[in-house]
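Trainee: Please see the structure below; I have some questions.
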Amino acid sequence: MNRFNSILIANRGEIACRVIRTANELGYRTIAVYSDADEEAPHVKMATDALRIGPGPVTESYLVPELILQAAADSGAGAIHPGYGFLSENAEFARACEASGVVFIGPTADAIDVMGNKGQSKRRMLAAGVPCVPGYQGLDQCDATLLSEGEKIDLPLMVKAAAGGGGRGMRLVQKSEELPNAIKLARAEAEGAFGSGELILEQAIIQPRHVEIQIFADSQGHTVHLGERDCSVQRRHQKVVEEAPCPIMTAELRQRMGQSAIDAAVSVGYRGAGTVEFLLDDAGMFYFLEMNTRLQVEHPVTELITGLDLVALQISVAQGEPLGIQQSAVELRGHAIEVRLYTEDPAADFLPAAGPVDLWLPASGPDIRIDSGITTGQHISPFYDPMVAKIIGYGATREAARLRTIEALQRTVLFGPPNNRQFLLDCLRRECFVEGRATTGFIAEEFTSSDLKSTPPSFAQCAIAAVIDLSLTYQEHHHSTTTVSSRLKDWTNAGALVSRKQYLFDSQVYDLSVSPHTDGGGYRVYDGEQSVLVEVLSMAAPSATVSLDDSLVQVYFMSIGRGQLHCLVDGYGAFYRDMILLEGVSKDRVGDGRVVAPMHGSLLEVAVAVGDSVSKGQLLAVLEAMKMHYEIVAEVDGEVVEVSAVAGDQVAVDAVLIEIKTVQI
């Protein structure tokens, strides 16, 4: 027995939080490790103890075995859970843990070694009778041999790095004359990414499904499978959407694939959680792809349909306990779908994005699960993978799970860095996915570059944002007064207050006029001939319930400064910048020092004259609107060159009051 009562989690982000949560529930002392970039990260605060291991870059922190082992020694950790990524499939790290007397919560180093090399693992699978894609996986790696063996494989074929994954060191060959250059490029990329230029050749399986089997084995030699996951929706060989069970799975096919996965695990003396990945063609033939010797990112969908906690099972097996699960007792109930939330910009070729998280508000509710590793105020670092959360929906049927996942996505708020939330919603709504027909070609076939461009919000969504922003302004000013009734908002001595807001989204401009509705509550918002009636029924940051032409709409919002508002309207998120309010500070818009009236009202005071020098933030004038005082301040440093405003005048929204000649730096 390998008894321990403390676990160091050699990872970060959502998987570190996931492991810590279960370990804490089981009563283990948990030790987090963190880089300088993660000092305030959620996993650090969740653990019993936490130790710094180095600077932000992974090559100076999370990927350095010596630093992890030193942290384990310093903290007295009895075991190390590697999560996924980083050192989770590093055989030498597993050996080093064993040598230092720390339990590695995972398979043996030998199993990691075999399965970590595509050529070696494929040779082992062929020997074990596991179906494999026809190809070449020999030790002779000279170009002449690869070219000769490639001629024996039906086109198209894949050239793959033996030592890696994630699409690196991989080339698709459609014509025989392309093979020499594909070998050259794949080898160079593999050497740079994995330090090994070893390649394998495989016949390309056209438009397969990517179906994987979750297996579990204990140290007593008992191995079971826990059903399958369909991970066909991928981008650049990276999974985006995962579900369990596979939409086209039959009991007979599951039995055959499950037994092949067990055979694969047994052939390497496997222990713990592992995943055997297969390609499944439209004829029902399946082929071994690789084995991941760790917990998978997508393990929650298996947990939801089996009712098992895979992290708890990992810890139990690592303690030397028997698995305690018979294959006949494994029952799959319902359906689960997971999507990966990334801070990336789909419109910019999915470019990863860093920056502050202005607001993180994950959805909650029955049959919704969110695994995340971020919090409001945290900075998304450029050093790490941009996946920040996994959003999972469960239901009795696949359609119920799909709708639940859509609901969870629509109610999950991530304000700050660009993210792929809208893209994920689009994936789940595509007819091909709804019908369960998605293959590994789904994204390439379903999405054109124009589909990935950011779509501007609708007029109605902008109207709601404008009214929310206006309501926040009213609240701010009303809180600063003590004698004015809130019933007097929207009115001046001259009558109804009309406000104007202008939003720009690429080439789309919304020029909105917002005025109180004379026949009742709310505001009539116009943009040319378009108009809608918007009424805020309730508002308590960060959410509001709004009536839009008598239809109820749920809104999430966050103001990050004057005229700047994040707003999520019925699941559609955008960042609204009022170009009128920001005109004095927007270098790319005006930047000429013009000061305009932000709303209709009466000028109570003009505090400057021509020739005065002013500084940014200095009071210029006081506008009375909704029976409150609105201070207009300088947005730039400079000299006042014209004053059009006169105290006592009624001024319209956007009227130029003062002009400042800006200071040139």
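Taken together, the values in this text are just the output of simple stated rules run on the coordinates, not laboratory data. What you are looking at is a predicted structure, and each value in this text was computed from that prediction instead of being measured. Every residue, glycine among them, receives a Cβ derived from its backbone with ideal geometry; neighbour counts consider all protein chains shown.
Trainee: Taking θ = phi - 60°, what integer Hz values does the Karplus form 6.51 cos²θ - 1.76 cosθ + 1.60 yield along segment 417-432, in sequence order, with x for Gly and Pro?
Mentor: Each residue of segment 417-432 in turn: x, x, 8, 9, 4, 5, 5, 5, 4, 4, 4, 5, 9, 5, 4, 4 Hz.
Trainee: Running Debye on segment 16-67 with equal point scatterers at the Cα sites and no solvent, what base-10 log of I(q)/I(0) appears at q = 0.18, 0.24, 0.31, 0.32 Å⁻¹?
Mentor: After summing over all Cα pairs, the log10 values are -0.55, -0.86, -1.12, -1.15.
Trainee: To continue, here is another question. Name the residue farthest towards the positive end of the dipole of segment 209-331 from the options Val297, Gly320, Leu308, assuming +1 on Cβ of Lys and Arg, -1 on Cβ of Asp and Glu, about the Cα centre.
Mentor: Farthest towards the positive end: Val297.
Trainee: Still on this model: Over the Cα atoms, compute the radius of gyration (one decimal) and Dmax (the largest Cα-Cα distance, rounded to a whole number) for segment 6-105, in Å.
Mentor: According to the Cα coordinates of segment 6-105, Rg and Dmax are 11.9, 32 Å.
Trainee: Could you give each residue of segment 143-149 its phi-based ³J(HN,Hα) in whole Hz, using Karplus coefficients 6.51, -1.76, 1.60 with θ = phi - 60°, and x for Gly or Pro?
Mentor: Listing the rounded values in order: 4, 4, 5, 4, 5, 5, 5 Hz.
Trainee: In Å and from the alpha-carbon atoms only, list the Rg and Dmax of the chain.
Mentor: When restricted to Cα atoms, the chain yields Rg and Dmax of 30.0, 93 Å.
Trainee: Between the DSSP loop rule and a limit of at most 14 other Cβ atoms within 10 Å, which GluC sites (Glu not before Pro) in segment 284-354 are left?
Mentor: Details: sites: Glu290, Glu298, Glu303, Glu331, Glu338, Glu344; in loops: Glu298, Glu331.
Counting only loop positions with at most 14 other Cβ atoms within 10 Å, the GluC sites (Glu not before Pro) in segment 284-354 are Glu331.
Trainee: For segment 38-47, what does the Karplus curve 6.51 cos²θ - 1.76 cosθ + 1.60, with θ = phi - 60°, yield as ³J(HN,Hα) per residue in whole Hz, taken in order and with x for Gly and Pro?
Mentor: 10, 4, 9, 5, x, 5, 5, 7, 6, 6
Trainee: Quick one: grab the alpha carbon gyration tensor of segment 294-349, order the square roots of its eigenvalues as a ≥ b ≥ c, and give me rounded if a/c is under 1.5, else prolate or oblate depending on whether a/b is larger than b/c. Please report the intermediate quantities before stating the final value.
Mentor: Working: a/c = 4.66, a/b = 1.91, b/c = 2.44.
Oblate is the answer for segment 294-349, as a/c is 1.5 or above yet b/c matches or exceeds a/b.
Trainee: Cα convex hull of segment 135-203: how many Å³ per residue?
Mentor: Details: hull volume 4.7 nm³, N = 69.
Taking only Cα atoms, segment 135-203 has a hull volume of 68 Å³ per residue.
Trainee: Is segment 135-252 rounded, prolate or oblate when judged by the Cα gyration tensor, a ≥ b ≥ c being the square roots of its eigenvalues, rounded requiring a/c under 1.5 and prolate requiring a/b larger than b/c? All intermediate terms of the calculation are to be shown ahead of the outcome.
Mentor: Values: a/c = 2.08, a/b = 1.72, b/c = 1.21.
Because a/c hits 1.5 or more and a/b exceeds b/c, segment 135-252 counts as prolate.
Trainee: If amide hydrogens are placed 1.01 Å from N in the peptide plane, which non-local residues have theirs closer than 5 Å to the one on Ile380?
Mentor: So Ile380 has HN proximity to Gly355, Val357.
Trainee: Express the relative contact order of the chain as a whole percentage, based on alpha carbon pairs under 8 Å and six or more residues apart in sequence.
Mentor: Details: 1485 pairs, mean separation 58.1, N = 665.
Relative contact order here is 9 percent.
Trainee: Which angle from 0 to 90°, rounded to the nearest 10, does the C-alpha axis of helix 179-194 make with the longest principal axis of the chain?
Mentor: 80
Trainee: Once you list every other residue whose beta carbon is under 11 Å from the beta carbon of Leu351, what net charge do they have if Lys and Arg are +1 and Asp and Glu are -1? Present the calculation step by step, with values, prior to reporting the outcome.
Mentor: Numbers: positive: none; negative: Glu344, Asp345, Asp349.
Its environment carries a net charge of -3.
Trainee: Another one. Relative to the longest principal axis of the chain, what angle (0 to 90°, nearest 10) does the C-alpha long axis of helix 459-479 take?
Mentor: The angle comes out at about 60 degrees.
Trainee: Let me have the relative contact order for segment 244-383, percent, based on Cα pairs under 8 Å that are six or more residues apart. Provide the component values of the computation, followed by the final result.
Mentor: Values: 126 pairs, mean separation 23.8, N = 140.
That works out to 17 percent.
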